[in-house]
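Trainee: Pasting a structure below so you can have a look.
Quick note: the coordinates plus some simple rules give every number you see, no bench work behind them. Quick caveat, the model's predicted, so the values are computed rather than measured. Positions of Cβ are generated from backbone atoms using ideal geometry, with glycine treated the same way; all protein chains shown enter the neighbour counts.
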Amino acid sequence: MNQNLRKTQQQIREETIEKVQSAIQFIRENEGDKAPITASKILLYSEVSRTVLYKPHILKLWNEYLWQKRYGNKENKYYEKELKALQIEKESLELKLQKAEARIHKLQEQLEEEKALSKGQSVKIKRLEEENSVLLGHIELLNSKLNARGLL
């Protein structure tokens, strides 16, 4: 039900905007582009009430100066607060990003060190395996000599 009400209100709002815009266009076509747009002229050429003409979304269409005087500062203050909050959030996120990048850099350095250590260890393991093979061969040779002499 609430959605239907909002939808209906939005439709009425759009129709009102169209009526006012067509009245403004009619005035400009008949009186020229420099003709002053007044509330009484719009009332004459549209089917809206005077109170509707002074609602913020309609007033902005036909009298930018009055709209700015009445509502501009409020909107600017609202947007300034929102902008300030977003800037603080941006700074916070940038700080988090810097910390995360520093951590990533540190972890990459540790990874490179571990890779180097691992490479060194694998070379050492290969060398020890070769040495072990030589020693096993030597043991086999000694065992065969002992067997030949009957000592084993």
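Trainee: In nm, to one decimal, how far is the modelled label at residue 82 from the one at residue 146, with both set 7 Å along Cα→Cβ?
Mentor: Placing both labels 7 Å beyond Cα along the Cβ direction yields 9.0 nm.
Trainee: Moving on to the next point. List every residue whose amide H lies under 5 Å from the amide H of residue 37, counting only residues 5 or more places away in sequence or on a different chain, with H placed 1.01 Å from N in the peptide plane.
Mentor: none
Trainee: What is the dipole size for the stretch 1-52, taken about its Cα centre, with +1 at each Lys and Arg Cβ and -1 at each Asp and Glu Cβ, in debye to the nearest 20?
Mentor: I would put it at about 240 debye.
Trainee: Do you know the relative contact order of the chain, to the nearest whole percent, from alpha carbon pairs under 8 angstrom that are 6+ apart?
Mentor: 12
Trainee: Under a plain spin-label model, where a point goes 7 Å from the Cα along Cα-to-Cβ, how far apart in nm are residue 108 and residue 121?
Mentor: Calculated label separation equals 2.4 nm.
Trainee: Can you work out ³J(HN,Hα) from phi for every residue in the stretch 16-27, in order, using Karplus 6.51 cos²θ - 1.76 cosθ + 1.60 and θ = phi - 60°, giving whole Hz and x for Gly and Pro?
Mentor: 5, 4, 4, 4, 5, 4, 5, 5, 5, 4, 4, 4
Trainee: Would you be so kind as to identify which of 137, 57, 32 lies farthest towards the positive end of the dipole of the chain, taking Lys and Arg as +1 and Asp and Glu as -1 on Cβ and the Cα centre as origin?
Mentor: Of the listed residues, the answer is 57.
Trainee: GluC sites (Glu not before Pro), restricted to the stretch 41-146: which are DSSP loop and have at most 14 other Cβ atoms within 10 Å?
Mentor: Sparse-neighbourhood loop GluC sites (Glu not before Pro): 47.
Trainee: For residue 68 and residue 89 in the same chain, what is the full-extension length gain: residue separation times 0.36 nm, less their Cα-Cα distance, in nm?
Mentor: Net length gain for the segment: 4.7 nm.
Trainee: If you wrap a convex hull around the alpha carbons of the chain, what volume per residue comes out, as a whole number of Å³?
Mentor: Hull volume over Cα atoms, normalised by residue count, gives 301 Å³.
Trainee: To the nearest 20 debye, what charge dipole does the chain have about its Cα centre, counting +1 at the Cβ of each Lys and Arg and -1 at the Cβ of each Asp and Glu?
Mentor: That gives the chain a dipole magnitude of about 520 debye.
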